[in-house]
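J.: Here's a structure for you.
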Amino acid sequence: MFKFVKGYMETIDGVATYPMLSLLIFFLFFVVLFLWVITASKEHIEEVSNIPLENDNHNQSKE
């Protein structure tokens with residue numbers, strides 16, 4: 001099976017650019033995510049971290 005895929009991929013012109021493009025997209029995604037985490041305000045992080053607890057308390061109070 002691998003020989004078939006390898007042989008087929010060798011016939012495609014410029015096939016080496018696809019792994020490099022996917023690596024670049026992967027790297028850029030995590031760099032942007034890292035920058036967002038670093039620049040996010042502490043208030044926003046605190047608010048988002050309490051969402052599951054607020055929903056759980058809200059559901060228990062209704063019963």
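The values are calculated or read from the model by the stated rules, or taken from the named source; none is laboratory data. Keep in mind the model is a prediction, meaning the values are calculated, not measured. Counting neighbours? That spans all protein chains shown, and the Cβs are built from the backbone with ideal geometry, glycine included.
J.: Out of segment 14-25, which residues are of a type in the set (S, T, N, Q) and modelled with pLDDT of 90 or more?
T.: Answer for segment 14-25, where residues must be of a type in the set (S, T, N, Q) and modelled with pLDDT of 90 or more: just Ser22.
J.: When the residues of segment 26-54 are filtered to those that are of a type in the set (Val, Ile, Thr) and surrounded by fewer than 10 Cβ atoms within 10 Å (Cβ to Cβ), which remaining residue is modelled with the lowest pLDDT?
T.: Ile51
J.: Which one of these is among the aliphatic types (A, V, I, L, M) and outside any helix (DSSP H, G or I): Val5, Val15, Val32, Val37?
T.: Exactly one of Val5, Val15, Val32, Val37 is among the aliphatic types (A, V, I, L, M) and outside any helix (DSSP H, G or I), namely Val15.
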